[in-house]
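For reference, the structure is listed below as structure tokens.
Since every read-out is calculated from the coordinates, none of them should be taken as a lab result. Keep in mind it's a predicted model, so treat the numbers as computed, not measured. Counting neighbours? That spans all protein chains shown, and the Cβs are built from the backbone with ideal geometry, glycine included.
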């Protein structure tokens with residue numbers, strides 16, 4: 001899992017989404033387990049990856065990125081996402097990831113005396129190119 005820290009940029013449909021605290025990109029590799037012949041050990045082979053982008057943001061209908069995520073969640077549509085990770089504020093990007101994602105988690109929290117927050121998770125959408133890194 002990559003914790004993006006406070007100096008990341010998350011672009012949704014071309015607009016910046018402000019996240020509360022850390023956002024994360026989880027690139028979890030799956031493995032195929034094999035037991036070959038009379039071996040006492042299972043052998044593994046890398047298989048497909050499960051990727052999830054997750055974070056928390058303010059409920060903000062004035063933010064274009066938030067509205068794009070909310071609409072994608074409600075309508076079951078895919079949305080373009082770019083994650084720019086950098087070490088320090090104003091520094092050049094350490095790594096950039098771009099892809100098309102579906103919203104797989106959308107949890108609205110409404111504390112009585114605090115801001116309304118949304119926890120979200122995104123996973124790569126089918127029928128689109130795989131996420132790419134630069």
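With Cα atoms as the point set, the radius of gyration and Dmax of the chain evaluate to 17.6, 63 Å. Computing FRET efficiency as 1/(1 + (r/R0)^6) for residue 82 and residue 108, where r is the C-beta to C-beta distance and R0 is 41 Å, gives about 0.95.
Modelled label positions at residue 127 and residue 58, each set 7 Å beyond Cα in the direction of Cβ, lie 3.6 nm from each other. In this simple spin-label model, placing a label point 7 Å from the Cα along the Cα-to-Cβ direction at both residue 95 and residue 16 gives a separation of 2.2 nm. FRET efficiency for the residue 134 to residue 26 pair, using the beta carbon distance and R₀ = 22 Å, is estimated at 0.70.
Just checking the listed ones, 105, 16, 114: in the Gaussian network model of the chain with Cα springs under 10 Å, the one fluctuating most is 114.
Cα centroid separation, the stretch 38-87 to the stretch 101-134: 6 Å.
Largest GNM mean-square fluctuation across 65, 13, 47, computed for the chain with C-alpha springs under 10 Å, falls on 47.
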